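Here's the structure we're looking at; comments come further down.
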Amino acid sequence: MRASLGMRAVVATAASALVLPLVPAAPANADPDPAQIAQTVVASAVKKHLRKLQDIANANGGTRAAGTPGFAASRDYVAGVLKKAGYKVTLQKFDFPFFNENSTAVLQRTAPSPKTYTPTPPDGSTVGDFATMTYSGSGDVTAAVRGVDLVLPPGAEANTSSSGCEAADFAGFPAGAVALVQRGTCTFQAKAENAQAAGATAVIIMNEGQPGRTATLQGTLGEPTVHIPVVGVSFAVGQELAAAGTSVRVKTDTASEMRPTHNVIADSRWGDPNKVVQLGAHLDSVVPGPGINDNGSGSAAILEVASALGKIPTRNKLRFSFWSAEEFGTLGSEHYVANLSAEEQARIKLYLNFDMVASPNYALKIYDGDDSDATGSGPGPAGSDEIEKLFEKYFDTLRQGHVGTDFDGRSDYGAFIAAGIPSGGLFTGAEGVKTPQEQALFGGTAGEAYDSCYHQACDTIANINDKALALNTGAIATAAVVYAFSRDLPGPDSRTTAAAARTTAAAPAAHAVGAHGVPAQ
């Protein structure tokens with residue numbers, strides 16, 4: 001980063017003096033003082049937005065998930081704040097596959113001897129003997145089990161079973177039976193669709209059986225194309241159910257359908273339209289909870305930064321993005337990038353992502369743009385290293401420790417990276433466990449999750465760490481101001497339309513496995 005806007009002054013004051021009034025815009029022939037602008041973003045205002053999101057969840061069944069009234073109310077609140085701040089606001093509509101397990105499923109062996117298997121509850125808080133597949137249909141079925149081309153015992157290598165992968169596997173399948181298929185060479189969706197077409201009334205997918213592939217199978221069908229119950233079981237349970245003469249009861253209660261939702265995109269009325277500085281955070285929660293840390297925290301922080309900058313003329317155009325359906329596989333940001341023309345992609349000079357910035361047992365994590373931390377996924381596009389260095393400088397000037405975190409594909413930067421757009425951002429940890437080294441840097445408790453309420457109903461306003469929120473809000477404000485006025489944005493100046501038009505097929509594999517890391521085959 002080679003900015004000439006007094007970044008040291010911005011960094012030194014952004015977190016420690018977040019209470020100064022907004023200064024009037026400077027004359028047209030001079031840049032305003034970026035430090036003074038950054039200071040106007042107050043953490044108390046961010047908390048006000050978070051309390052509003054909590055109120056919305058409380059009024060809508062405890063959730064703000066995409067495709068629900070709670071998300072629609074969150075969308076309208078954010079859009080209203082942005083319009084009032086002076087932005088041109090666009091609601092980008094798209095359809096996505098919605099899923100919710102309404103109640104706990106049932107799996108019972110009814111013959112030759114009764115046995116009830118332990119379910120994995122809808123919130124995933126424990127793992128039982130079986131789990132409802134994401135995008136399973138609903139039903140209550142009692143019928144005989146029919147094994148389909150099973151490989152028992154399994155082969156020595158994974159993906160040796162093609163059970164259920166071909167329509168021919170179901171030749172002679174008795175209509176009305178429950179199909180028992182085995183994990184292997186094709187997707188769960190293909191197996192379930194073939195079983196449904198053959199007249200199965202339910203599908204049980206057992207793990208394959210090799211080391212590492214024996215546990216209860218938790219996975220996704222990818223989209224709502226199957227209308228009968230589909231559950232995953234462990235290899236051991238599958239072996240039991242494969243015995244001759246076995247009958248079962250399978251009951252699932254789900255909502256699985258296509259629903260509409262919206263991204264909220266806000267463009268500033270100032271700045272060079274060919275130099276867009278884009279910030280983003282996903283606005284949706286998971287279905288089981290209000291999502292105040294994940295990701296009300298990132299959304300509220302960038303919303304308040306946008307409010308502070310809305311009426312200040314900037315050199316570069318600012319764009320604030322509030323994504324929907326991230327929790328269903330980063331679908332909103334993928335839809336957005338996929339529908340940009342090559343020229344529109346090329347105008348976006350950098351993307352900053354903020355997903356969970358106030359975890360209660362936090363670590364201050366900066367996305368590793370140059371792979372200097374050897375976090376595993378390699379560097380981001382050219383210029384991502386400069387973004388990382390800006391955030392490092394911010395925390396270093398405050399004498400605040402920080403660590404790197406991987407671009408692992410689990411958030412909305414993935415499609416931007418695949419398009420060759422320099423990217424970066426901040427993260428305070430999810431279900432991962434805090435290390436002793438991180439405890440020494442940030443306090444908290446080593447050996448415990450960064451956020452023990454991750455993807456649960458307890459992710460409420462009480463789940464926010466105020467210090468992490470204030471530090472990261474200061475960092476977000478600093479980056480937004482620096483890049484809003486910078487003459488020298490990250491990345492090569494010659495980043496071409498062709499580079500920007502690269503397909504998102506090269507993105508980290510978040511969509512293939514879903515935002516929660518569940519396998520698709």
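Please treat every number below as a calculation from the coordinates, not as lab data. Since the structure is predicted, the reported quantities are computational estimates derived from the model, not experimental observations. Positions of Cβ are generated from backbone atoms using ideal geometry, with glycine treated the same way; all protein chains shown enter the neighbour counts.
Under 19 Å from a label point 7 Å along Cα→Cβ of A382: give me every residue in the range 339-359 with its amide N that close. Once the point is set 7 Å along Cα→Cβ of A382, 343, 345-351 turn out to lie under 19 Å by backbone N, inside the range 339-359. Other residues whose C-beta falls under 13 angstrom from the C-beta of G67 contribute a net charge of -1, scoring Lys and Arg +1 and Asp and Glu -1. When +1 charges are put on Lys and Arg Cβ atoms and -1 charges on Asp and Glu Cβ atoms, the dipole computed for the chain relative to its Cα centre reaches about 1320 debye. Partners of K275 within straight-line reach, counting lysines whose Cα lies under 30 Å from its Cα and excluding those fewer than 8 residues away in the same chain: K83, K84, K88, K93, K311, K317, K349, K365, K389, K393. Rounded to the nearest 0.05, the FRET efficiency derived from the C-beta distance between E343 and A144 at R0 = 60 Å is 0.50.
What is the magnitude of the charge dipole of the range 98-257 about its Cα centre, with +1 placed on the Cβ of each Lys and Arg, -1 on the Cβ of each Asp and Glu, and no other charges, expressed in debye to the nearest 20? Display every interim value, and only then the final one.
On the way: 8 positive and 14 negative charges, 85 e Å.
With only Lys, Arg, Asp and Glu charged at Cβ, the dipole is about 400 debye.
Dipole of the chain computed with +1 at Lys/Arg Cβ and -1 at Asp/Glu Cβ about the Cα centre; of G137, Q439, G164, farthest Cα towards the positive end is Q439. Electrostatic bookkeeping for L152 treats Lys and Arg as +1 and Asp and Glu as -1; over the other residues with beta carbon under 12 Å from its beta carbon, the sum is -3.
Take every pair of alpha-carbon atoms less than 8 Å apart whose residues are at least six positions apart; their mean separation over the length of the range 98-257 yields a relative contact order of 36 percent.
Which is the longest part of the chain that has none of the GluC sites (Glu not before Pro) sitting in a DSSP loop with at most 16 other Cβ atoms within 10 Å? Please report the intermediate quantities before stating the final value.
On the way: sites that count: E157, E166, E431, E448.
Here the longest segment lacking exposed loop sites spans 167-430.
The Cα center of the range 239-294 and the Cα center of the range 173-193 differ in position by 25 Å.
Modelled spin-label separation between R51 and R269, with each label point placed 7 Å from Cα along the Cα-to-Cβ direction: 3.0 nm. Beta bridges assigned by DSSP with both partners in the chain are antiparallel in approximately 50 percent of cases.
For a label point 7 Å from the Cα of Q108 along Cα→C-beta, name the residues of the range 123-149 whose backbone N is under 14 Å from it. The answer is 140-143.
Could you tell me the ratio Rg/Rh of the chain? Both radii from Cα atoms, Rh via Kirkwood.
On the way: Rg = 24.7 Å, Rh = 24.1 Å.
In the chain, Rg relative to Rh is 1.03.
Taking 8 Å as the Cα distance limit and 6 or more residues as the minimum spacing, I'd like the relative contact order of the range 248-369 as a percentage. Could you put the intermediate results ahead of the total?
Values: 176 pairs, mean separation 45.8, N = 122.
Relative contact order, the range 248-369: 38 percent.
Each part gets one Cα centre, and for the range 77-116 versus the range 54-71 those centres are 10 Å apart.
Each label point was placed 7 Å from the Cα along the Cα-to-Cβ direction; for E223 and D466 their separation is 4.7 nm. Label positions at T126 and E166, each projected 7 Å from the Cα along the C-beta direction, are separated by 4.3 nm. For the pair S44 and T90 in one chain, pulling the backbone fully straight at 0.36 nm per residue adds 13.8 nm over the alpha carbon distance.
Let me check I've understood the local charge: for T134, count other residues with C-beta under 12 angstrom from its C-beta, Lys and Arg +1, Asp and Glu -1. What total comes out?
-3
Structural descriptor for the chain: relative contact order 19 percent, calculated from alpha carbon pairs under 8 angstrom and at least 6 residues apart. Secondary-structure-derived ellipticity at 222 nm for the chain, considering helices only, amounts to -8000 deg cm²/dmol, per-run term -39500 (n - 2.57) for DSSP H runs with n ≥ 4.
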